[in-house]
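Read through the structure below, which is laid out as structure tokens, and then see the notes.
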Amino acid sequence: DTGVSQNPRHKITKRGQNVTFRCDPISEHNRLYWYRQTLGQGPEFLTYFQNEAQLEKSRLLSDRFSAERPKGSFSTLEIQRTEQGDSAMYLCASSTDRAEQYFGPGTRLTVT
Amino acid sequence: AQSVSQHNHHVILSEAASLELGCNYSYGGTVNLFWYVQYPGQHLQLLLKYFSGDPLVKGIKGFEAEFIKSKFSFNLRKPSVQWSDTAEYFCAVNALGGSQGNLIFGKGTKLSVKP
């Protein structure tokens, strides 16, 4: 399968713990996006990379959130000191320049 | 701020009925428009897209959408739905004059098709 992959698919953590998610985009795609989706809502943009450069961050991305794409391939999203409000589905998408975005299956985070 | 509105939260239809899902966006500049579908237990998949040209675009599985610039709308249509169309449908907009490419999504419309 050559689509976008995300790991883990599910993560349960206790409040205050740190978590890290990984996204592997479609190999020839230079753009990578992170979104968050909560129940009853559409995905909300968090941040975006073009190659290894993080070009845009949403106001939703508090200072507890950090994302990297060190070699312009896979990306990681880390949440420090998790809070119950962080519980959501975290989606990764990739694309070529200005083209349609292809989404991965998401990582469902539950903070207890 | 840019936003996308989907008028219906939940639509219930019988098989063979016609479908129209509304989508309006708020942005005065050039846009790319998308409809994504999420089948139960699956991830978001692209249904169709509009970048430029003919405002009537055709997607997969018999879906089509019409871009009406004067109404800031991009409604999704299908003449005859099937039980397998049961899914959640999301309209999304990429405002080309603004950010670098992130999509702004509506809240989604859940479609239930009764066999």
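Taking the Cα centre of chain A as origin and charging only Cβ (+1 Lys, Arg; -1 Asp, Glu), how large is the dipole, in debye to the nearest 20? Don't jump to the answer; show the numbers that get you there.
Working: 15 positive and 13 negative charges, 90 e Å.
Rounded to the nearest 20 debye, it is 440 debye.
Using C-alpha pairs under 8 Å with a sequence gap of at least 6, the mean separation divided by the residue count of chain A gives a relative contact order of 37 percent. Calculated on the Cα set of the stretch B:24-115, radius of gyration then Dmax: 13.4, 44 Å. Just so you know, the Cα atoms of chain A work out to an Rg and Dmax of 13.1, 39 Å. The charge dipole of the protein assembly as shown, taken about its Cα centre with unit charges on the Cβ of Lys, Arg, Asp and Glu (plus for the first two, minus for the last two), comes to roughly 460 debye. Dipole size of chain B about its Cα centre, with +1 on Lys/Arg Cβ and -1 on Asp/Glu Cβ: approximately 80 debye, rounded to the nearest 20. Looking at the stretch A:36-112, the GluC sites (Glu not before Pro) that sit in a DSSP loop and have at most 15 other Cβ atoms within 10 Å of their own Cβ are A:GLU52, A:GLU83.
Using a Förster distance of 35 angstrom, determine the FRET efficiency expected from the C-beta separation of A:ALA53 and B:ASP54, and round it to 0.05. Walk me through the numbers before you get to the answer.
Working: r = 35 Å, r/R0 = 1.00.
It comes out at approximately 0.50.
Rule-based calculations on the coordinates, nothing more; no lab input. These numbers come from a predicted model, not from an experiment. A quick note on method: Cβ atoms are made from the backbone with ideal geometry, for glycine too, and the neighbour counts reach across all protein chains shown.
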